[in-house]
Each structure stands twice: as structure tokens, then as C-alpha cells.
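Beneath this line is the structure, given in C-alpha cells, with notes to follow.
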Amino acid sequence: MIELFEIQRAMRQMRKAAMQRGVVAILDIGTSKATCLVLRFDGGELPSGDGVGPMAGQSQFRIIGAATTRARGMRHGEIEVMAETERAVRTVVQAAQKMAQVRVDHAIVSFSGAGPRSYGLSGEIEVSGSEVSESDIAAVLASCETPDIGTHRTVLHAQPVNFILDHRSGLADPRGQIGNRLATDLHMLSVDRAAVQNILHCIKRCDLELAGLASSAYVGGISALVEDEQKIGAACIDLGAGTSGLSIFLRGHMIYADTVRIGGHHVTQDISKGLGIPLALAERIKTLHGGLVATGRDDRDMIELKGETGDWEHDRREISRSELIGIMRPRVEEILEEVRGRLDAAGFDSLPSQKIVLTGGASQVPGLAHLATRILGQQVRLGRPLRVQGLPQAATGPAFSAAVGLCLFAAHPQDECWDFNIEDHRYPARSLRRAVRWFRENW
Amino acid sequence: MRTLTRPRRRYGHDPAPSRTAYRLTRFWLSPWLRWTVTTVLPVCALTGAVGFWLMQPAQQQRIVAGATQIRASVEARPEFQIRQMAITGASPVLAETIRQRIGLDFPVSWFHLDTHEIHDTVAALDAVADARVTVELGGALHIDVREREPVVLWRHDGALEMLDATGHRIAYIDRRDGLSFLPLVTGDGADAAVPEALALFDAGKPIMKRVRALMRQGARRWDVVLDRGQVIELPETEPVSALERVLAMQDSTGLLTRDVAIVDIRDPARLTVRLGPAAAENLETTRSFGKGIVSQ
């Protein structure tokens, strides 16, 4: 556990260093598109006043450069062809830099694949003094036993989501409270080590320095869920091209994340295979005419299938829109069923709130909300990313939830408030510091 | 899927920059390089070019000549011309002296006129107590002079000077004609004690008709010279009260109307009188009578 916290601290330091430089690149490498946003941190004052919350830290930065391009060499949110992905990242970083007119050296990256897996950990200690101090919290965090996640996996996020002090549960910050036994619940997200290393290598080849790493399921939830939903409890389903990420939030913390390795790209593949047309045309037909709920009018709504095979009969076909819907709907239903299965496995049913927010590029299919209510329950809505300063109009769609969420994550990371010192007994050499601390606590 | 970048025209064109192009772009975007190229280099180039141009002697001469010409044309404008001079508060003789002393050749440009220098020149004249030099609208130089007022005449070393109340010389004069109303002082250092002399003249008003002059003795004390060769020798300190004592004595005893050559009050505690020759003989005779030496 200690090793994990050292890793987290090192990552935090890197992110702080990047924010002190003032300019950070946000890089969302997805299956179908790569997005780069250049953030400028000008240390703006938070607006104070009655009823104004921390605003997720979004008033501290401004987006000064934005670019997106077709991601290549990606499959299921993981790098398949390193050189192609590197070219995509170079393209998008160069375009964003050109718009921002500034060079960025640090990148905070999110990716959707690598098979995230959630673990719930718990630890318990006796409080050393009469009231809970910071060192007690460090001790209880260190007392969580790490499960065996396997050598091929690595920890991506680890956050304390709950504190229990003498049978009082649901404490957000127990510091200064009086009690005897302090316990904590920790949420840990592990991902495939090889996939992460590939992404690190790709960033390094683009002359960028990594300042943070996040799962797109998590950051998509940060931007698509409003603050109340995060507090009361909600699930965010980020329907991407290659994967569909889902994250469950409760009391402002992510408590579960998972991905389903099916996405909008599979819908395109179904159309391509079913109608015998190239993938590019299938994508175009899907985005222009796609839908999920057929009506009587759709039978008369004919879509031209232009081809260039040379076979006149084959190149001059027409299909009705209801046929297209008939191809798309089963695949989307499959995705949603799969997501439902993962939610059930995570115990989403037992949460107080059953709110589900659909976001991501594939959530723009007309009729998805209607279909999703049948499978996921009544409390379904379509989510768009939070509006942040300087975000171009073209990047306000649900496809950019993860990128915007990553901005918020960079400005206001959730593990920031748990930046405690390592326990004293881990530093046997620093006896003077221990003596000072002992003196301060006992006098 | 939407793109934020400009759509590419050519189909199948790879939008990705090559690794070299990417690195060059990043290098160009580094802040110090941009600052150097966009700010420092242009400023240096511009400064260098202007400096090189200015280094040529021909250009310098051209610039100097041009500046001189512009300056001369501005100075020669009628708005800046001063055509006349007015002197107020000075007697005609003094005004003529001032005109000669300043020696301006009208019309003169306002830029060439140094009013401070003119003021100093005018104020340096003995007869001028104070002067104010102004340039008035319409191109006139106005010199307002306050003359010194002569209060005494000072005769010394064969010369005759008019002095004002502070003892400052106003002018040498040849004769006393026309200025006989001014009292006369003589002796070395008399000019330094003019205020005291004036106080003495003021105190000696009852015998003013008889006073010929005040004579400074050894630059430290005064003698009052009356007609008939009578002299009142005054002390160094508080000569006015001493003179008043002598005048009181004159009132009571008519001391000065008698044949007295010198009234010596240099020591205020002891007034000494030197008799005239006739009186002295008379006194001698009287004393001889008293002693019975001489018989009638």
C-alpha cells in the first residue's frame, strides 16, 4: 500500500510541476478519435459568495487550444499499431499547439481500454491520540491490504471513498473528530500494465512528458454527471467507439468503474457487413441516417448506397431507414445489455439512486434514450460535458465528455485532498521530526 | 465524428506531421525563441540600421543643417520678435545708461533674449536698487527699475559721492550744486555708517542750520562739524544720546553759541570743552584776577 501511495504522490508532484509551468496538454486517446486540449492555468481566483461551490476547479483554467483528429492504430481503446497512434498524437498535439501558439511539454492522458477492474479495500486502526490527526489518516490508508492484482496489472486510481469512526460511517473528513477506531474504504482501479506502458511509450516518442493518467470511464463521469448526481449516486456510461466505459459515483467519489469492449465502431461494422458497403460509407450512413426506433415513415425514407465496385446493380442500391435501424438496434441493445450486466454485477441496484447518464460519441444516435430506458431503467438521461472556459463550440458534444472531464480532473484531482505525509515510523532516520511531532501532540 | 481542424482537400493525404516537422514546430513555439525572433531580432536590426545610417558624417551634417534651418526659421517668425524696450521708473539719464549697458539691437528674437542676464546687468548699476525684466505681449521688453534714493553726500579722497540710506554708492558727482539739501559726511568708512549718520542728522535738527558736515574719524566715530570751526566729538557707542546731551546743554546754557572750539564728549562720563583762543585768554585773565596776579 505504501508503494502505491508513493506512486500517487510522485504523479501528483509531476502534475503540480506541470501546472506551475502554466500550460498543460489534455490528451484523450480514444478508439475513433484523439483529442488534444491545451489548458492554461492562470491561477484565477475562485468566485466567492453565498451558494457558490468549488465549481470543480473549472474556473482556474482556460482552454486555449483544441484539436481532434481520427485516431489510428487503436483497437478497443488500446494501442495496436504504435507508429500510427504516434502520428495521430503528433497531428493533434501540433494542431492544438498551433491554435494555442504555445509549446506544451506536459500531457495528461486518458484512455478507454486496458480492462479496468475495481477493487474495494478496507483498513482499520486504533486512533493514536484522542482526536484523529493527519498521521492517523495516513496510517489508516497505509493499513489497507493490497489485493493480489497480478503482475501484469498496475494501479491507475486509488482514492479513499469513505471513513468510519466508531460505527459512524459516511464521514468525508474525520480529521479533528474524537474516536477510538478509524476505518476506511478505498476504491482502487487496476488496469493492464502493458497497455499503459504502450501509451507511456507513445507519449514519450512525441517528446511529451506524462503529468497524469486517467481512465476515460472515470473522467467521462466527472464531466457528464452534475455535482448532485455525483453526490447522490449515479452511473455514467461513456459509449465510445471501441469500448463503452461505465463508472459509478457516490458521495462525490467514484466507487466502481468497468468497460465493455463493444462500442459504436461495432455498429458501423455491422452496417458495413450487412449492406456490403465500405466502412467509411457505413460510418457516414450511420451518423446521417442512423436511429434506434423505427416508425412508419422510416419505411419510405430511402437511403442511397453509392458504391464504386463497377457493378451497376450493386452500386445503385437503396435501402429504407427502417432496414438501417434494424441493423443498428440489436447491436446497441447488446451494448446496453452488457452494461446492464456489469451494473448488476457491481450491485448498482442497491444504491440509493438509480440515475444513469449516457454520454460519449455513440450516445448521439437518435432514440437511444428511449431504448436505454427499456434496458437500464427509467432514470436515464443523455449527458453532455460541463461547459468550461474557452471550449470551442465544436467540442461541446457528448463525444468530448472524457476530454473535458480530464480537464476538470487535472484542475481539481480528487486525490488532492488526501495528500498526507507518509507515516512517521516509515522514517526511522528522522527521529528529530518524530520528537517534534510527539512534543506537539502531547503538550 | 467531427473534426476541429480544417478539412483536407486531397483524399488519402496523411495529415500527420513528420517527426522532424513536429519537432521544428515545437522548437519554434518555445517561448524564448519566439521572443527572440519576434522582438529582440527586429529591435536589434532596426537599431543597427538606424545607427549605421547616423554614423555617416554626411548624414550627420545634413541633420544638423536641417535642424539649424528649422530653428532659425522658427526664431525669425514675427510672433517671436521683440521690437522695442520700455524702461519705467528710471530717470532719463539712468534710462539712457541702461540702454547703453544692455546694448540690444532691436528687433531681436525672443529666443536670443536672456532676461536673467539683462536683469543682472541692470541690477549691477549703482543707481538701481531693484529691477524687473519682463517680455510683454506684442513684442516689447519691459524693464521696471526702482532707483536708489540719495540721502547723503560723501566727500572722501577728493571725490564726492551720493549715497543712499544703506550707504550704497549711487553716483560720483562733480559739484554740490543743486544737491545742497543733502547733508554731507566725510572721512574714511563713512559710507559704512550712513544709517548712524542719518540718525545723528535726525537728532541734530535743532542745530541743523549750523551743521556743516559729519566727519568720520578713524572709521570708528563721528565728529559733528559746525560753522565757526566748532566741532562736537562724539563717542563710538551711542553717539545719538551723546549728541542729545550736548543739545540739551546747548538749550540750557547756550554752550555752542559761546566761543568754544571743541566739545569733547568721547567719554560720555566726562564732557570736555576746549575754548576758543579769545575765550581762553579771557579765562586766563579772569583766573589771574582771582589769584591777584594781575591788577586792573
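The values are calculated or read from the model by the stated rules, or taken from the named source; none is laboratory data. Just so you know, these numbers come straight off a predicted model, no measurement behind them. Using ideal geometry, Cβ is built from the backbone for each residue, glycine included, and neighbour counts are taken over all protein chains shown.
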Check: Just wondering, is there one or more residues in the stretch A:369-380 that are free of Cβ contacts under 8 Å to residues at least 60 places away in the same chain, within 30 Å of A:THR35 (Cα to Cα) and assigned to a strand (DSSP E or B)?
Finding: yes
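Restricting attention to the stretch A:289-302, and to residues there that are in contact with a strand residue (DSSP E or B) (Cβ under 8 Å, 6 or more places away or on another chain) and part of a helix (DSSP H, G or I), which single residue is nearest to the other protein chains (Cβ to nearest Cβ)?
Filtering the stretch A:289-302 for residues in contact with a strand residue (DSSP E or B) (Cβ under 8 Å, 6 or more places away or on another chain) gives A:289, A:298-302.
Adding the requirement that they be part of a helix (DSSP H, G or I) leaves A:289, A:298-299.
Details: A:HIS289: 15, A:ASP298: 23, A:ASP299: 28 Å.
Looking at the filtered set, the residue picked out is A:HIS289.
Residues A:ILE149, A:ILE164, A:ILE178: which one is surrounded by 18 or more Cβ atoms within 10 Å (Cβ to Cβ), over 20 Å from the mean Cα position of the chain (by Cα), over 24 Å from A:ALA17 (Cβ atoms) and not charged (D, E, K, R)? Break it down into steps so the answer makes sense when it comes.
Numbers: A:ILE149 fails: surrounded by 18 or more Cβ atoms within 10 Å (Cβ to Cβ); A:ILE178 fails: surrounded by 18 or more Cβ atoms within 10 Å (Cβ to Cβ).
Going through A:ILE149, A:ILE164, A:ILE178 in turn, the sole match is A:ILE164.
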Margin query: Looking only at the stretch B:229-252, how many residues end up being part of a helix (DSSP H, G or I) and among the polar types (S, T, N, Q)?
Written below: 3
Margin query: Tell me yes or no: at least one residue of the stretch A:145-162 is among the acidic types (Asp, Glu) and at pLDDT 85 or above.
Written below: no
Margin query: Kindly evaluate A:GLY263 against the criterion of being small (Gly, Ala, Ser) and either within 14 Å of another protein chain (Cβ to nearest Cβ) or under 25 Å from the mean Cα position of the chain (by Cα) (or both).
Written below: yes
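Scan the stretch B:106-134 for residues that are in a strand (DSSP E or B) and either surrounded by 14 or more Cβ atoms within 10 Å (Cβ to Cβ) or more than 12 Å from the chain's Cα centre (by Cα) (or both) and report the count.
Applying the first criterion (in a strand (DSSP E or B)) to the stretch B:106-134 yields B:108-109, B:128-134.
If we keep only those that are either surrounded by 14 or more Cβ atoms within 10 Å (Cβ to Cβ) or more than 12 Å from the chain's Cα centre (by Cα) (or both) as well, we get B:108-109, B:128-129, B:131-134.
Here the count works out to 8.
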Notebook entry, point to check: Being among the small types (Gly, Ala, Ser), free of Cβ contacts under 8 Å to residues at least 40 places away in the same chain and not in a loop (DSSP other than H, G, I, E, B), is that true of even one residue in the stretch B:217-228?
Noted result: no
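So which of B:ALA219, B:ALA248, B:ALA192 is touching an Asp or Glu at 6+ places or on another chain (Cβ under 9 Å) and surrounded by fewer than 20 Cβ atoms within 10 Å (Cβ to Cβ)? So that I can check it myself, show each step before the final result.
Details: B:ALA248 fails: touching an Asp or Glu at 6+ places or on another chain (Cβ under 9 Å); B:ALA192 fails: touching an Asp or Glu at 6+ places or on another chain (Cβ under 9 Å).
The conditions single out B:ALA219.
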Next item on the list: Please name all residue pairs, on different chains or six or more residues apart, with Cβ atoms under 7 Å, provided the first residue is in the stretch A:388-415 and is more than 14 Å from A:ILE222 (Cα to Cα) and the second residue is among the charged types (D, E, K, R).
Entry: A:GLN389/A:ARG62; A:GLY390/A:ARG62; A:ALA394/B:ARG2; A:THR396/A:ARG384; A:THR396/A:ARG387; A:GLY397/A:ARG384
Notebook entry, point to check: Is it true that some residue in the stretch A:342-352 is out of contact with any Leu (no Cβ under 6 Å at 6 or more places or on another chain), buried (at least 17 other Cβ atoms within 10 Å of the Cβ), assigned to a helix (DSSP H, G or I) and aliphatic (A, V, I, L, M)?
Noted result: yes
Next item on the list: Give the stretch B:1-26 a look and list any residue that's of a type in the set (S, T, N, Q) and either in contact with a Cys (Cβ under 7 Å, 6 or more places away or on another chain) or at pLDDT below 85 (or both), or say none.
Entry: B:THR3, B:THR5
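Name the residue that is nearest to the other protein chains (Cβ to nearest Cβ), counting only residues in the stretch A:61-73 that are surrounded by fewer than 22 Cβ atoms within 10 Å (Cβ to Cβ) and touching an Asp or Glu at 6+ places or on another chain (Cβ under 9 Å). Reasoning before the result, please.
The first filter runs over the stretch A:61-73 and keeps only residues surrounded by fewer than 22 Cβ atoms within 10 Å (Cβ to Cβ), leaving A:62, A:64, A:70, A:72-73.
From what's left, touching an Asp or Glu at 6+ places or on another chain (Cβ under 9 Å): A:62, A:72-73.
Values: A:ARG62: 17, A:ARG72: 9, A:GLY73: 11 Å.
So, considering only residues that are surrounded by fewer than 22 Cβ atoms within 10 Å (Cβ to Cβ) and touching an Asp or Glu at 6+ places or on another chain (Cβ under 9 Å), the one nearest to the other protein chains (Cβ to nearest Cβ) is A:ARG72.
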Check: Restricting to the stretch A:341-366, what's the tally of residues that are touching a helix residue (DSSP H, G or I) at 6+ places or on another chain (Cβ under 8 Å), modelled with pLDDT of 90 or more and away from every other protein chain (no Cβ under 14 Å)?
Finding: 6
Checklist line | Residue check for B:GLU75: away from chain A (no Cβ under 14 Å), touching a helix residue (DSSP H, G or I) at 6+ places or on another chain (Cβ under 7 Å), within 30 Å of B:ILE143 (Cβ to Cβ) and modelled with pLDDT under 95 | finding: yes
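Select the helices (runs of 4 or more DSSP H) contained entirely in the stretch A:182-280, then report the ones holding at least 1 residues which are surrounded by fewer than 18 Cβ atoms within 10 Å (Cβ to Cβ) and not assigned by TED's automatic domain parsing to the domain that holds A:ALA142. Can you show your working first?
Numbers: elements: A:193-205, A:216-224, A:227-232, A:264-275.
Result: A:193-205, A:227-232, A:264-275.
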Notebook entry, point to check: B:LEU137 passes all but one of (1) surrounded by fewer than 15 Cβ atoms within 10 Å (Cβ to Cβ); (2) of a type in the set (A, V, I, L, M); (3) closer than 29 Å to B:TYR172 by Cβ; which number fails?
Noted result: (3)
Notebook entry, point to check: If we keep just the residues of the stretch A:74-124 that are within 21 Å of A:ILE255 (Cβ to Cβ) and polar (S, T, N, Q), which is farthest from the other protein chains (Cβ to nearest Cβ)?
Noted result: A:SER122
Next item on the list: Would you check if B:LEU160 is over 30 Å from B:ARG77 (Cα atoms) and outside any loop (DSSP other than H, G, I, E, B)?
Entry: yes
Item checked: Residue pairs meeting the criteria (Cβ under 6 Å; at least 6 apart or on separate chains; first more than 11 Å from A:GLU86 (Cβ to Cβ) and assigned to a loop (DSSP other than H, G, I, E, B), in the stretch B:13-26; second at pLDDT below 85 and not small (Gly, Ala, Ser)) -> B:PRO15/B:ARG8
Next item on the list: Read through the list (1) modelled with pLDDT of 80 or more; (2) in the same structural domain as B:PHE111 (by TED's automatic domain parsing); (3) in contact with an Asp or Glu (Cβ under 7 Å, 6 or more places away or on another chain), then give the number of the only condition that B:ALA129 fails.
Entry: (1)
